[in-house]
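Here the structure comes first, spelled out in structure tokens, and everything after it is commentary.
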Amino acid sequence: MSDVTLQEPYPDVPTGRPSIRPESWWSVKRQAIKAHKHAYILMAPYMLLFGMFTVLPVIMSIVISFTYFNMLEFPKFIGWQNYSKLFLEDDIFLIAVKNTLLFAAITGPLSYLACFIFAWIINDLRPKLRAFMTLVFYAPSISGNVYFIWLMIFSGDRYGIANGLLINWGIILEPIQWLKTEAYILAIIILVQLWLSLGTGFLAFIAGLQTVNKTLYEAGAVDGVKNRWQELWFITLPSMKPQLMFGAVIQLTSSFAVADVSIYLAGFPSVNYAAETIVTHLMDFGTIRFEMGFASAIATVLFMLMVGTNLIVQRLLRRVGE
Amino acid sequence: MNFTIQLRKKRVNRSFAGSFMLFAFLAVAGAFMALPLVYAINAAFKPLDEIFLFPPTLFVRNPTMSNFVDLIALLGNSWVPFSRYIFNTVFITGMGVAGHVILASAAAYPLAKFNFPGKTLLFTTVVLSLMFTPQVTAIPNYMIMSWIGFIDTYWAVIVPAFAFPLGLYLMKQFMEQIPDALIEAAKIDGASEYRIFWQIIMPNVKPAWMTLIILLFQLLWGTDGNGFIYSEQLKTLHYASSQIIQGGIARAGVGAAVALILMSVPITLFVFSQSRIIETMATSGLKD
């Protein structure tokens, strides 16, 4: 790829009549745009919708976060007030931030590791068994809202599965109110979240492992790679860097967005806000109290947190193996 | 003798103890992943007294179809005919998936194969949008939906799904591996760019279609209307089923039956398309 600078920037542009004076940057661009008219036409429908439902809302959200807005009156500019209120006066927001970071710090890396480790072990299986185990691990994440099962498992009476088994084995005498006890709520949500988290990133790893060049392993064995751990470290991981980075984005982003599971299992609001996350806090102000300016400030903080963390992690991962 | 040689040939650097340990770990983890689903499947066939047996059992002892019979009876009584919920979900899923595959592929082709001004900016924006979840944009999205009159219509769910960023990303990565020579040859034969896209590129990215289909399918199949749909006759199957599941103890069996029906569809779809999805995912990597 070192000769890339020798190429013209847009090689398939027709040059047209040779002009006497050197062409300006803009006219070169305009020609390039004209030559690729079909590209823009093909992209137009998608990009229009993408701009309308993804890019524009992000910009609007940032703008609205500096206003007082209740959906009835025209938004009123109030500067940083929403943010100062959020961080200085809103105690529950701080609980939400703490819980979200806790969820993200635990489920993010854990689910990422789980995705990789299971994909790695599965990759050593024979094809039929490999397809079956892939299904077993991937199924929870695609089966929709079956996490109601966990409500049956952690139900507070003695018919709940966890309570039933523990009582039957004589470990506890009285049923535990799992989802009404602050100490258990977070752990249970993390458990369920992990159960649901082997999704797209997991598939990307399964696929990535299958594309690692097999001759590299043989060459490695000749060069003195002695066991599977060295093979993993020196050959597999460096060969899979692109998939590792993609998987990181997928796993991290979803680890910040814990809300559905929390609301479903712990209720909304949860006992003493034990399961309040930034997203549930956002829903509280956006869909119940209609303080849209304030809710947008929460959304903007969440946006910065997600994108910022992702960019940092990308930078770190890029360095792995260099 | 033959057997040992085959084993040794299969893979270098694999100790028996290590394999045993790792596969044991995989089996335990697999059980953790599978047991809740196995329980859910069995619960759908349990008579009510067996669901609330103490101590709880995993497998059904006297399988019965009564939960499904009750479900049908319950559906007959609902205010909106249940077929309407099914139609709503099938319509939203079908339209959304079809539109997404076509629009995302059309946008992915130029991004993968041409070098035009603005390409880097557009693709970087798409990658950035993978880094946050839709909750961030929920409030402005509601405002936009009401400006364009999409509130309380199917379109509020369908149209944004067309522009689902992960689909475009995966499709673009997959298209990059189509040889340029194929496109060049078609160009020499006089095909227009649109014809090349439709007749050369699209048939060659079928594995990626399947991937986009299953990713969007699971998203739309499980939608509850995203807060945009209010009319009872427009509500989705997922909404109706969560009403049933929340019906309490008396409905526990029916709830399990409904959940089984709902989850069997995406899982079946995945079973039949797994190899093609893995093929697409091989190209999913983020490059520097």
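The values are calculated or read from the model by the stated rules, or taken from the named source; none is laboratory data. Given the structure is predicted, the values throughout are model-derived calculations rather than measurements. So basically every Cβ, Gly included, is an ideal-geometry build from the backbone, and we count neighbours across all protein chains shown.
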For this session: Would you confirm whether any residue within segment B:201-212 is more than 10 Å from chain A (Cβ to nearest Cβ) and under 30 Å from B:Met143 (Cα atoms)?
Result: yes
For this session: Could you please tell me which pairs satisfy a Cβ distance under 7 Å, a separation of 6+ or placement on different chains, a first residue in segment A:69-81 that is free of Cβ contacts under 8 Å to residues at least 60 places away in the same chain, and a second residue that is of a type in the set (A, V, I, L, M)?
Result: none
Exercise. Does B:Asp70 meet the test of being modelled with pLDDT of 80 or more and of a type in the set (Asp, Glu)?
Worked result: yes
For this session: Answer yes or no: is there a residue in segment B:164-181 that is over 23 Å from B:Gln274 (Cβ atoms) and of a type in the set (Ser, Thr, Tyr).
Result: no
For this session: Name the residue, out of B:Thr120, B:Thr57, that is surrounded by fewer than 22 Cβ atoms within 10 Å (Cβ to Cβ), at pLDDT 90 or above and over 23 Å from the mean Cα position of the chain (by Cα).
Result: B:Thr120
Exercise. Any idea which of B:Gln135, B:Gln173 is crowded, with 19+ Cβ neighbours inside 10 Å, without any contact (Cβ under 8 Å) to a residue 40 or more places away in the chain and either assigned by TED's automatic domain parsing to the domain that holds B:Ile229 or assigned to a helix (DSSP H, G or I) (or both)?
Worked result: B:Gln135
Exercise. Looking only at residues in segment A:21-40 that are touching a helix residue (DSSP H, G or I) at 6+ places or on another chain (Cβ under 8 Å) and part of a helix (DSSP H, G or I), which one is modelled with the lowest pLDDT?
Worked result: A:Ile33
For this session: For residues that are among the charged types (D, E, K, R) and in a helix (DSSP H, G or I), tally how many sit in segment B:36-80.
Result: 3
For this session: Have a look at A:Asp90, A:Asp157 and point out the one that is surrounded by fewer than 15 Cβ atoms within 10 Å (Cβ to Cβ), in the same structural domain as A:Ser270 (by TED's automatic domain parsing) and out of contact with any His (no Cβ under 8 Å at 6 or more places or on another chain).
Result: A:Asp157
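Going residue by residue through segment A:179-190, is there one that turns out to be within 12 Å of chain B (Cβ to nearest Cβ) and closer than 23 Å to B:Ile41 by Cα?
Going through segment A:179-190, the residues within 12 Å of chain B (Cβ to nearest Cβ) turn out to be none.
The answer is no, given that none of the residues of segment A:179-190 is within 12 Å of chain B (Cβ to nearest Cβ) and closer than 23 Å to B:Ile41 by Cα.
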For this session: Being farther than 18 Å from B:Leu37 by Cβ, modelled with pLDDT of 85 or more and either in a loop (DSSP other than H, G, I, E, B) or at the interface with chain B (Cβ under 7 Å from one of its Cβ atoms) (or both) is the filter here, so list the residues in segment A:122-168 that pass it.
Result: A:Asn123, A:Asp124, A:Leu125, A:Arg126
Exercise. Residue check: is A:Val225 touching a helix residue (DSSP H, G or I) at 6+ places or on another chain (Cβ under 8 Å), surrounded by 17 or more Cβ atoms within 10 Å (Cβ to Cβ), modelled with pLDDT of 80 or more and within 12 Å of chain B (Cβ to nearest Cβ)?
Worked result: yes
Exercise. How many residues does segment B:113-132 hold that are facing chain A (nearest Cβ under 7 Å) and outside any helix (DSSP H, G or I)?
Worked result: 7
Problem set entry | B:Ile196 among the β-branched types (Val, Ile, Thr) and either free of Cβ contacts under 8 Å to residues at least 24 places away in the same chain or outside the structural domain of B:Met143 (by TED's automatic domain parsing) (or both) | yes
Exercise. Which of the following residues is without any contact (Cβ under 8 Å) to a residue 24 or more places away in the chain, more than 29 Å from B:Phe174 (Cβ to Cβ), aromatic (Phe, Trp, Tyr) and within 11 Å of another protein chain (Cβ to nearest Cβ): A:Phe290, A:Phe285, A:Phe268?
Worked result: A:Phe285
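Find the residue count for segment B:151-170, including only residues that are part of a helix (DSSP H, G or I) and in contact with a helix residue (DSSP H, G or I) (Cβ under 7 Å, 6 or more places away or on another chain).
Looking only at that region, the number is 13.
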For this session: Test B:Val205 against the stated conditions and say whether it is in the same structural domain as B:Gly94 (by TED's automatic domain parsing), under 20 Å from A:Leu151 (Cβ atoms), crowded, with 19+ Cβ neighbours inside 10 Å and out of contact with any His (no Cβ under 9 Å at 6 or more places or on another chain).
Result: no
Exercise. What's the number of the condition B:Ser241 fails, among (1) more than 13 Å from A:Phe148 (Cα to Cα); (2) within 10 Å of another protein chain (Cβ to nearest Cβ); (3) crowded, with 18+ Cβ neighbours inside 10 Å; (4) among the hydroxyl-bearing types (Ser, Thr, Tyr)?
Worked result: (1)
Exercise. Hey, B:Ser83 hits all of (1) under 30 Å from B:Gln233 (Cβ atoms); (2) polar (S, T, N, Q); (3) assigned to a loop (DSSP other than H, G, I, E, B) but one; which does it fall short on?
Worked result: (3)
Exercise. Is it the case that segment B:169-190 has a residue that's under 24 Å from the mean Cα position of the chain (by Cα), at the interface with chain A (Cβ under 7 Å from one of its Cβ atoms) and modelled with pLDDT of 90 or more?
Worked result: no
For this session: Answer yes or no: is there a residue in segment A:210-224 that is touching a residue at least 40 places away in the same chain (Cβ under 8 Å) and more than 30 Å from A:Ile92 (Cβ to Cβ).
Result: yes
Problem set entry | Residue count, segment B:253-282 (criterion: of a type outside the set (Lys, Arg), buried (at least 17 other Cβ atoms within 10 Å of the Cβ) and more than 8 Å from chain A (Cβ to nearest Cβ)) | 9
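Could you tell me which residue of segment B:138-150 is nearest to the other protein chains (Cβ to nearest Cβ), considering only residues that are without any contact (Cβ under 8 Å) to a residue 24 or more places away in the chain and not in a helix (DSSP H, G or I)? Working first, answer last.
Taking segment B:138-150 and keeping what is without any contact (Cβ under 8 Å) to a residue 24 or more places away in the chain, we get B:139-141, B:143-144, B:146-149.
From what's left, not in a helix (DSSP H, G or I): B:148-149.
Numbers: B:Ile148: 8, B:Gly149: 14 Å.
Residue satisfying both the conditions and the ranking: B:Ile148.
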Exercise. Out of B:Asn67, B:Asn88, which single residue is over 18 Å from B:His238 (Cβ atoms), in contact with a helix residue (DSSP H, G or I) (Cβ under 7 Å, 6 or more places away or on another chain) and not aliphatic (A, V, I, L, M)?
Worked result: B:Asn67
For this session: Among the residues of segment A:169-186, write down those that are in contact (Cβ under 8 Å) with a residue 60 or more places away in the chain and part of a helix (DSSP H, G or I).
Result: A:Leu179, A:Lys180, A:Glu182, A:Ile185, A:Leu186
Seminar exercise, completed: For segment A:57-84, the count of residues that are surrounded by 15 or more Cβ atoms within 10 Å (Cβ to Cβ), in a helix (DSSP H, G or I), more than 7 Å from chain B (Cβ to nearest Cβ) and not β-branched (Val, Ile, Thr) equals 3
